[in-house]
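First the structure, in the form of structure tokens, and then the observations on it.
The values are calculated or read from the model by the stated rules, or taken from the named source; none is laboratory data. Because the structure is predicted, anything quoted here is derived from the model rather than measured. Cβ sites come from the backbone with ideal geometry, for glycine too, and all protein chains shown count toward neighbours. Each accessible area value is taken on the protein alone, full model and side chains, heavy atoms only, with ligands, DNA and RNA left out. Shrake-Rupley method; radii C 1.70, N 1.55, O 1.52, S 1.80 Å.
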Amino acid sequence: MFGYIIGRIYGKVDIRTVGSGNVGARNIGRSINKLAFIVTFLGDASKGAVVVLLGRALGLSGEIQLIGFLLVLIGHIWPITLAFHGGKGISSFLGGIIAFEPSTAFIILASFCITYPLFRSFTKSGLLSLCTIPIYLFFQAYTYAVIIIVTIAVIIILFAHRTNIKERI
């Protein structure tokens, strides 16, 4: 868990005991500083990206790449090493999905730019932007298996954010 490691190195703290208690990049940024946020974000994003890129380099199908990505996401949110209390998965998701289909970066950004003025909430806009990805992949003629796996990943992210969602509704 990059957040835990960065918290120990940069802030000399156990990030689980400060701020929201979450080991993700957002809590690191709020509790330590912007550089720690960037390093944590890139570290967590690289986890999602590496598994997809490695699967591609090994000639594995898109579906198998995404199953590996899904397992990384689950391990990030519920890590055994931190008693199943990890990050919320956004950074790892972004790294993996952009490595899988780079054009999703534009879709996420465009969706965010459209929804943020409406909701004035980073969390709501960000989560809604992730929900557009399975729809986009459908229109890009990806297989149903790919769309289902990505949809499961988005549902996992929404589940990890369930407390935030309840607070903002």
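Overview of results
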| read-out | value |
| --- | --- |
| Matching residues, region 46-67, being open to solvent by less than 20 Å² (accessible area, probe 1.4 Å) and either of a type in the set (Val, Ile, Thr) or more than 20 Å from ALA105 (Cβ to Cβ) (or both) | VAL52 |
| Every pair of residues 6+ apart whose Cβ atoms lie under 6 Å, when the first sits in region 7-23 and is open to solvent by 30 Å² or more (accessible area, probe 1.4 Å) while the second is in a loop (DSSP other than H, G, I, E, B) | TYR10/ILE32 |
| LYS34 vs. criteria among the charged types (D, E, K, R) and under 13 Å from the mean Cα position of the chain (by Cα) | no |
| LEU73 being open to solvent by less than 30 Å² (accessible area, probe 1.4 Å) and hydrophobic (A, V, I, L, M, F, W, C) | yes |
| All positions within region 76-128 that are more than 17 Å from ARG162 (Cα to Cα), open to solvent by 30 Å² or more (accessible area, probe 1.4 Å) and either of a type in the set (Ser, Thr, Tyr) or not in a helix (DSSP H, G or I) (or both) | THR81, ALA83, GLU101, PRO102, SER103, TYR116, ARG120 |
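One line per residue, one yes/no per condition, for (1) in contact (Cβ under 8 Å) with a residue 60 or more places away in the chain; (2) under 11 Å from the mean Cα position of the chain (by Cα); (3) more than 25 Å from TYR144 (Cα to Cα):
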{"site": "GLY55", "(1), (2), (3)": "no, no, no"}
{"site": "GLY62", "(1), (2), (3)": "yes, no, no"}
{"site": "PRO79", "(1), (2), (3)": "yes, no, yes"}
{"site": "LEU82", "(1), (2), (3)": "yes, no, yes"}
{"site": "ALA99", "(1), (2), (3)": "no, no, no"}
{"site": "PHE119", "(1), (2), (3)": "no, no, yes"}
{"site": "PHE122", "(1), (2), (3)": "no, no, yes"}
{"site": "LEU127", "(1), (2), (3)": "no, yes, no"}
